[in-house]
Amino acid sequence: MTSPTPSPPPTAQAPTAQSPSGPSPAAQSPSGPSPAAPPPAAPRAARAGGRWIEQWDPEDEVFWRARGERIARRNLGFSILSEHIGFSIWSLWSVLVLFMGPEYGVDPAGKFFLVAVGTFVGAVLRVPYTFAVARFGGRNWTVVSAALLLLPTAAAVFVMEPGTSYTAFVVVAALTGVGGGNFASSMTNINSFYPLRKKGWALGLNAGGGNVGVPVVQLAGLLVIGTAGAASPRLLLLAYLPLIVVAAVLAALRMDNLAPVSGDGGAAKEAARDPHTWIMSVLYIGTFGSFIGYSFAFGLVLQTQFGRTPLQAASLTFIGPLLGSLVRPVGGRLADRFGGARLTLWNFAAMAAAATVVVYASVERSLPVFLTGFIALFALSGLGNGSTYKMIPGIFRARAGARGLVGEEAAAYGRRLSGAAMGLIGAVGALGGLGINLAFRQSFMTSGSGTPAFVSFLACYAVCALVTWAVYLRRPAGPVREEAGRPGRTPAYAEV
């Protein structure tokens, strides 16, 4: 498949190249530009090489059918590959700690901290990774971010042996955070390729394919432990080094940069000032924070609370993350059909119920009941990941309408703000994973059990359900608002 040319699609009206800082004057509404609308941009000069696409309008049905969908799918496929390996490297230490027997001299609290360090660095890096797409281009940054995965993987090859200082383990665990940053840049990039009506499914596939990297590296760890033994962690690491190179090379050869979404630093500031960015961050703590936190901690909980051996823990650890990853696109698809806010509300209610089961199992020390409740939490967190990320572009498109923007002007505003917001939301959500690991660490240090931590998670889901209802689904008390033949008091964001 050849690289797309920068010429406009063969339609009656070619889409106008548009700066991420705002639409061209021709795109303004008849009543004049909204005060909140970004200023018009100067015409963009075509870029030589680098697989740049100068014009992109996925909301144009003719353009989408003739050219856009094919390009978007290709970029989605290679984005998933890179993000998949990024998640595997980010979650590497959730597997490597299973190889660390008594000869390493690291207690359970120390192992939880190693896992938490990588989670924290990955969360922080999501912010600059998001803006790197606008600065360097989605394809270009995918190549760089994939290549950076070589650093923590190669470093782990050198330190994974008894006698290494704990400080060295902490430093190398922190390096795996570059894999966590990949998610933010990948989601920001793919968000720009797809029209609003398909974002739930596309973002769900992109994120779900990346999330599968967690159970895959855990399965690979199980294979190594089961065949070569717990003294051979380097075999796992050496297997990933060539895969990282392949992902970087394929991204360079097959992906594209979108010029209309490059170079926009103002979107980040505008997204950070919008209260919905931070409200959605809280909800994403409840969904993705749960997924990544539980994924990293599951094996250690099985070892510490239920006395499982490394092989026994590894044989169970992958099940929950795998299920949660596979259902994330389903959450996006259901949100496309029924509305992300509605699905998110019911999902948090179900997560609270599953957490109640886990609390009971933890108190009773019942491994079968614990596994049932915990795996249900994984599946529900995956559904919630898909539904919350579907909400983000819908919310900012609705915000554009509230500012008086219409048509392509509103669509461009929504893409611009939602892309920037996704990085901030993803970063805060990943910090939820850090909170889960620190909660487990403190819980086991003080009570020798994970029960207090699970109780706190239950309270978190109840708060998230309340926030979802109050902000996005509660019917207004004011005058009746009619929408497209749907009379009655309609929540402003019910359809997001």
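Selection of segment 235-273 for residues being open to solvent by 10 Å² or more (accessible area, probe 1.4 Å) and acidic (Asp, Glu) yields ASP264, GLU270.
Quick grid of which residues meet (1) at pLDDT below 85; (2) within 26 Å of PRO108 (Cα to Cα):
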residue	(1), (2)
SER443	no, yes
ALA459	no, yes
ALA470	no, no
ARG475	yes, no
PRO479	yes, no
ALA484	yes, no
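Of all residue pairs spaced 6 or more apart or on separate chains, those with beta-carbon atoms under 9 Å, a first member in segment 355-379 that is outside any helix (DSSP H, G or I) and a second member that is open to solvent by 30 Å² or more (accessible area, probe 1.4 Å) are SER366/TYR360. Given the criteria of a type in the set (Ser, Thr, Tyr) and more than 22 Å from VAL127 (Cα to Cα), does THR388 qualify? Against the criterion (of a type in the set (Ser, Thr, Tyr) and more than 22 Å from VAL127 (Cα to Cα)), THR388 does not qualify.
Can you pull out every residue in segment 128-140 that is open to solvent by less than 40 Å² (accessible area, probe 1.4 Å) and among the aromatic types (Phe, Trp, Tyr)? Listed by number, the list holds a single entry, TYR129. The combined condition, being open to solvent by less than 50 Å² (accessible area, probe 1.4 Å), out of contact with any Leu (no Cβ under 6 Å at 6 or more places or on another chain) and at pLDDT below 95, is fulfilled by ILE392. Scanning segment 193-227 for residues that are of a type in the set (A, V, I, L, M) and either open to solvent by 10 Å² or more (accessible area, probe 1.4 Å) or part of a loop (DSSP other than H, G, I, E, B) (or both) yields LEU196, LEU205, VAL212, VAL216, LEU219, ALA220, LEU222, LEU223, VAL224, ILE225. Checking the structure you have, find out if any residue of segment 162-185 is at pLDDT below 90, open to solvent by 30 Å² or more (accessible area, probe 1.4 Å), closer than 30 Å to VAL496 by Cβ and assigned to a helix (DSSP H, G or I). No, there is no match, as no residue in segment 162-185 is at pLDDT below 90, open to solvent by 30 Å² or more (accessible area, probe 1.4 Å), closer than 30 Å to VAL496 by Cβ and assigned to a helix (DSSP H, G or I). What do you reckon, is LEU302 open to solvent by 10 Å² or more (accessible area, probe 1.4 Å) and either under 30 Å from ALA231 (Cα atoms) or not charged (D, E, K, R) (or both)? No; evaluated as a whole, the condition is false for this residue. Any chance segment 189-204 includes a residue that's closer than 25 Å to ASN75 by Cα, more than 14 Å from the chain's Cα centre (by Cα) and among the small types (Gly, Ala, Ser)? There is at least one residue in segment 189-204 that is closer than 25 Å to ASN75 by Cα, more than 14 Å from the chain's Cα centre (by Cα) and among the small types (Gly, Ala, Ser). Identify, please: which residue in segment 425-451 is of a type in the set (A, V, I, L, M, F, W, C) and open to solvent by less than 20 Å² (accessible area, probe 1.4 Å) and is, among those, farthest from PHE113 (Cα to Cα)? Within segment 425-451, the match that is farthest from PHE113 (Cα to Cα) is ILE425. Pairs meeting the criteria (first residue in segment 61-87 and in contact (Cβ under 8 Å) with a residue 24 or more places away in the chain and open to solvent by 10 Å² or more (accessible area, probe 1.4 Å), second residue among the basic types (Lys, Arg) and assigned to a helix (DSSP H, G or I), beta carbons under 6 Å, at least 6 apart or on different chains) are PHE78/ARG254. Counting only residues that are open to solvent by 10 Å² or more (accessible area, probe 1.4 Å) and assigned to a helix (DSSP H, G or I), segment 395-419 holds 10 of them. Considered as a group, the residues in segment 105-116 that are in a helix (DSSP H, G or I) and touching a residue at least 60 places away in the same chain (Cβ under 8 Å) include one that is surrounded by the fewest Cβ atoms within 10 Å (Cβ to Cβ), and that residue is ALA109.
The values are calculated or read from the model by the stated rules, or taken from the named source; none is laboratory data. Given the structure is predicted, the values throughout are model-derived calculations rather than measurements. Every residue, glycine as well, gets a Cβ built from its backbone with ideal geometry; the counts of neighbours run over all protein chains shown. When the accessible area is computed, the model is the full protein with side chains, heavy atoms only, and any ligands, DNA or RNA have been set aside. Shrake-Rupley method; radii C 1.70, N 1.55, O 1.52, S 1.80 Å.
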